[in-house]
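The values are calculated or read from the model by the stated rules, or taken from the named source; none is laboratory data. Note that this is a predicted model, so its numbers are computed, not measured. Cβ coordinates were reconstructed from backbone atoms using ideal geometry, including for glycine residues, and neighbour counts include every protein chain displayed. SASA here: full protein model, heavy atoms, side chains in, ligands and nucleic acids out. Shrake-Rupley method; radii C 1.70, N 1.55, O 1.52, S 1.80 Å.
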Amino acid sequence: MTSEEMKKLEYNKKTVYESKDPEAIDAAYAYAEGYTRFLDSSKTEREAVISAVKLAEAEGFTEWKLGDPIVKGGKYYLNNRGKNLFLFSVGTESPAEGIRISAAHIDSPRLDLKQVPLYEESGLCYLKTHYYGGIRKYQWLALPLALHGRVVRADGEKVDVVIGEAEDDPVFYITDLLPHLGAKDNAKPLGDAVPAEKLNLLTGSRPAGENDGVKLNILRILNEKYGISEEDFLSAELSAVPAGRARDCGLDRSMIASYGHDDRVCAYPALTALFESAGGPHTLICILADKEEVGSDGNTGMQCELMLDIIDEISKAAGCSPAAVRSASLCLSADVSAAFDPNFAEAFEKRNTAILSSGVVLTKYTGSRGKSGTNDASAEYIGRLRKIMAEDSVVWQAGELGRVDYGGGGTVAKFISKHNIETVDLGVPVLSMHAPCEVISKVDLYEAHRAFSAFNRY
């Protein structure tokens, strides 16, 4: 065997820029423009559902509810309580041949308001928060924040709130201690330096009148704008998220810096791949799930069995056994992976970590330390996906979440695979995951779209 032949036996990771021609790179950058529009309109799971429904209806999908008819070639969506969306298209072949499932989540780490959040102290008014998902609390200080969500008033009227996104909107803010007085804090571990009860949103400082406080003035403003009272916070879902829109990152505009890439950076390509592939032989399901960041519990999370109900309805309409359909089905759990960060190289094992701009990441197993809480995909399924990716020249890489003993994390994969569905994680590598502003590569985003499209077709 010659030296050149032996070199071909080696596995060498290449970037998308090394693997694709300039026209393909231009296509990736153009694709990213649609993604940033989706991202800017989808800072909460409710907003992501609204954005996805608009895109789906433009592609001919119609609303469907459990018990409604299902016909071959039909394109449907089920809106579950405004926070979880199932989209499916019925293929030309029997679903007994297997459904292609892509499952992403549309919730992101944030600061939720407590049910009794408003208070006044020393001439300042605040809103108390309870953080949602895994955050590094210190990252949320001294940052312009916007308030998004819904209030359900005592009379039952639903009031949607967005404050802090328009150019002339005010923003909210969590104060930090000046460095001149922060010597004791400097000696604390990062995780202890900012207690959760200090994550309070600065909301106002002007009193309602000579004898009335700041809190009353804030309540007056909220009542005039939204018709709500303090008691209406009891039936509200309001979240503080970073204010502002997604921005190109880097002088070469090769990356996108934004809040909420995890996991809308996988939700959007899963959606667009569904639109591109609908009408083909396979029945396709795209799931946009809620509550992944807090364990996928509840009736809008992936542990809810609504997916099984939909598969049962599809199977019944085609005269198939639901168990047989599940057994033949394949799933991509569409979630992000950690990208190698040279600034924190000690946290990663570089050979088995995703590299930015080297394509979409196939993660055989997640979990923490000894693979605890993982769905460990089979070699046979990984081999099948390798062939699919090769057919369409998709640039992909293997990855896992950092050094083994440093921690880890999970996805929705294990909640799908437990129903006898072949499942593996596939998604986009992210820098600064779970931070108020994360970074992804445009070419990785586009390779994710191409990967989901190839998976849907083959």
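Qualifying GluC sites (Glu not before Pro) in the stretch 307-405, where qualification requires a DSSP coil assignment and no more than 14 other C-beta atoms within 10 Å, comprise Glu349.
Given the peptides 62-71, 262-271, 294-303, 275-284, arrange them by the average over their residues of other C-beta atoms within 10 Å, most packed first.
262-271, 275-284, 294-303, 62-71
Just the number, please: percent antiparallel of the DSSP beta bridges in the chain, rounded to the nearest 5.
Values: 54 of 78 bridges.
So the antiparallel bridges in the chain amount to around 70 percent.
Classify the stretch 16-107 as rounded, prolate or oblate, taking a ≥ b ≥ c as the square roots of the eigenvalues of its Cα gyration tensor: rounded when a/c is under 1.5, otherwise prolate if a/b is larger than b/c and oblate if not. Judged from the Cα gyration tensor, the stretch 16-107 comes out oblate (a/c at least 1.5, b/c at or above a/b). Each of Gln115, Pro95, Asn80 was scored by the projection of its Cα onto the charge dipole of the stretch 63-125, and the greatest displacement toward the positive side belongs to Pro95; charges sit on the C-beta of Lys, Arg, Asp and Glu. Computed about its Cα centre, the charge dipole of the chain is approximately 780 debye, with only Lys, Arg, Asp and Glu carrying charge at their Cβ. Mind checking the angle between helix 379-391 and the chain's longest principal axis? C-alpha axes, 0 to 90 degrees, to the nearest 10. Helix 379-391 sits roughly 90 degrees off the main axis of the chain.
The residue list Gly164, Gly408, Gly301 was ranked by how far each Cα lies along the charge dipole of the chain toward its positive end, using unit charges on Cβ atoms, and Gly408 comes out on top. The residues packed around Arg37, meaning those with a beta-carbon under 12 Å from its beta-carbon, carry a net charge of +1 if Lys and Arg are +1 and Asp and Glu are -1.
If you count the DSSP beta bridges with both ends in the stretch 1-110, what percent of them are antiparallel, to the nearest 5?
Percent antiparallel among DSSP bridges in the stretch 1-110 is about 75.
Within the shell of other residues whose beta carbon sits under 15 angstrom from the beta carbon of Ala278, the net charge comes to 0, with Lys and Arg scored +1 and Asp and Glu -1.
On the chain, 51 percent of the accessible area sits on carbon and sulfur atoms, based on a 1.4 Å probe.
Hey, can you rank 448-457, 125-134, 246-255, 2-11 by average C-beta count inside 10 Å, highest first?
Listed from highest to lowest mean packing, they are 448-457, 125-134, 246-255, 2-11.
If Lys and Arg each add +1 and Asp and Glu each add -1, what is the summed charge of the other residues whose beta carbon sits under 10 Å from the beta carbon of Ile163?
-1
When only alpha carbons are used to place a centre, the stretch 97-120 and the stretch 295-357 end up 16 Å from one another.
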